[in-house]
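One structure is given here, and the rest of the page talks about it.
The values are calculated or read from the model by the stated rules, or taken from the named source; none is laboratory data. Since we're looking at a predicted model, the values are computed, not measured. Quick reminder, even Gly has a Cβ in these numbers, built from the backbone with ideal geometry, and neighbours come from all protein chains shown.
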Amino acid sequence: MDKIKQFVSAHPQWTSWTVLSIGMIAILIWSARDVGLLAGQWIALIVATIAVAGLAVWIIGWEDEEEEGEAAPPTNEKSPKEA
């Protein structure tokens, strides 16, 4: 259990991608269960769903990267204008 907690805290985007993918695939299967898709079509939809989940997590991660950049302490380096 501790290893899972360490992985989740060390890799939050991988964890988010996994959880979001599982949820989206469950919704996909539930909503398209009576459509009569072939096996290849199911595989293509599931792969596309996993890709969309990864893209969503990646885009949401942009905001985290921007916040980290704003929170960075100022450096003591002089700008070219001050030199």
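Side notes on the structure shown:
- Within the stretch 22-35, tally of residues that are surrounded by 12 or more Cβ atoms within 10 Å (Cβ to Cβ) and either of a type in the set (D, E, K, R) or touching a Ser or Thr at 6+ places or on another chain (Cβ under 7 Å) (or both): 3
- Total residues in the stretch 9-44, condition over 26 Å from ILE60 (Cα atoms) and part of a loop (DSSP other than H, G, I, E, B): 7
- Taking the listed residues ALA72, ALA53, ALA48, the one that is among the hydrophobic types (A, V, I, L, M, F, W, C) and at pLDDT below 90 is ALA72, with no other qualifying.
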